[in-house]
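Following: one structure in structure tokens, then a few remarks.
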Amino acid sequence: MLADSHCHLNYKGLVEDQQAVLARARARGVTAMLNISTRESEWDDIVATAEREPDVWATIGIHPNEADTYPDVDAAKLVARAQHPRVVGLGESGLDYFRDTSDRARQQASFRAHIAASRETGLPIVVHTRDAEDDTAAIMAEEMAKGAYTGVIHCFTASGAFADKALDMGLYISISGIVTFKNARDLQETAARLPIERLLIETDAPFLAPVPHRGKTGEPGFVADTAKFLADLRGETVEDLSRRTAENFHALFAKTRVSGAIA
């Protein structure tokens, strides 16, 4: 029982052979996959994949690097599209000051719109943050003061202090294959101490393939390798970590429990 809490099944590298990719994931015990959107232009295809595959769900959102391209995607549009039964979350949204391909003020406005939609719908927001810890934490705290919302920090690579802030706000933290990299010592230290009840795992496929697949196109099935590494790191059995993180996935993305059968 494994859940890949963040993948891009409709991206180049996976979409061309999507059925085989899904079959390989299922063969490795993956029972749930969340197909993440980053642009409005791909929403229909991503939702269609979730409609077709009972163990795949979808999100609706705009990546911060795309914020300039879709300035008209506001909370109302997100809320409207999130009514679909297979849409279980908002995002990915957040701040990316590493690439800086979108105006920072526009990124921040888009991020707040996603949080507002999360608050209104009750669906969790999938948060992307890169080289923007302080502003991400500040916006999340300001918005939390306006009213509670849920979410996950995806592909966590930030500091331990940021992890603590996110946990204090009730958010989950998702660990990707980056944790298996030799140069990820700081991330490994943080991942080792995260509370199991707030932990998710992901592939971010087709990106960030974990060891022993590093350099290859990432696939949802590789979440099994990240789970094994993480379990060893934390001194837990891979069976328990896999089960607990899958349970956490369905607890956070609670709409999965009513939009598809789960064990």
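Points to keep in mind about this one:
- Filter pass, His6 being more than 28 Å from Asp225 (Cα to Cα) and outside any helix (DSSP H, G or I): no
- Tally, over the range 242-260, of residues that are β-branched (Val, Ile, Thr) and either in contact with a strand residue (DSSP E or B) (Cβ under 6 Å, 6 or more places away or on another chain) or surrounded by 15 or more Cβ atoms within 10 Å (Cβ to Cβ) (or both): 2
- Only one of Ser93, Ser37, Ser102, Ser110 that is closer than 23 Å to Asp131 by Cβ and part of a strand (DSSP E or B): Ser93
- One residue stands out in the range 162-201 among those that are touching a residue at least 40 places away in the same chain (Cβ under 8 Å) and open to solvent by 40 Å² or more (accessible area, probe 1.4 Å): the one that is nearest to Asp232 (Cα to Cα), namely Ala192.
- Counted residues, the range 43-58 - those being over 12 Å from Arg81 (Cβ atoms) and open to solvent by 10 Å² or more (accessible area, probe 1.4 Å): 7
- Residue in the range 120-147 that is farthest from Leu252 (Cα to Cα), counting only those that are surrounded by fewer than 15 Cβ atoms within 10 Å (Cβ to Cβ) and over 19 Å from the mean Cα position of the chain (by Cα): Asp134
- Pair list, Cβ under 9 Å, 6 or more apart: the range 10-25 residue surrounded by 11 or more Cβ atoms within 10 Å (Cβ to Cβ), other residue assigned to a helix (DSSP H, G or I) and polar (S, T, N, Q): Asn10/Gln18; Asn10/Thr49; Val15/Thr49; Gln18/Thr49
- Any chance Asp72 is surrounded by fewer than 15 Cβ atoms within 10 Å (Cβ to Cβ), part of a loop (DSSP other than H, G, I, E, B) and in contact with a helix residue (DSSP H, G or I) (Cβ under 7 Å, 6 or more places away or on another chain): no
- Qualifying residues in the range 212-241 (those that are among the small types (Gly, Ala, Ser) and in contact (Cβ under 8 Å) with a residue 40 or more places away in the chain) - the one surrounded by the fewest Cβ atoms within 10 Å (Cβ to Cβ): Ala224
- The C-beta contact set for the range 83-111 (first residue over 25 Å from Leu123 (Cβ atoms), second residue at pLDDT 95 or above and open to solvent by 70 Å² or more (accessible area, probe 1.4 Å), distance under 7 angstrom, 6+ apart or interchain) comprises Tyr97/Arg104; Tyr97/Arg130; Tyr97/Asp131; Phe98/Arg130; Phe98/Asp131; Asp103/Asp68.
The values are calculated or read from the model by the stated rules, or taken from the named source; none is laboratory data. What you are looking at is a predicted structure, and each value in this text was computed from that prediction instead of being measured. Cβ sites come from the backbone with ideal geometry, for glycine too, and all protein chains shown count toward neighbours. Ligands, DNA and RNA are excluded from the accessible area calculation, which covers all protein heavy atoms including side chains. Shrake-Rupley method; radii C 1.70, N 1.55, O 1.52, S 1.80 Å.
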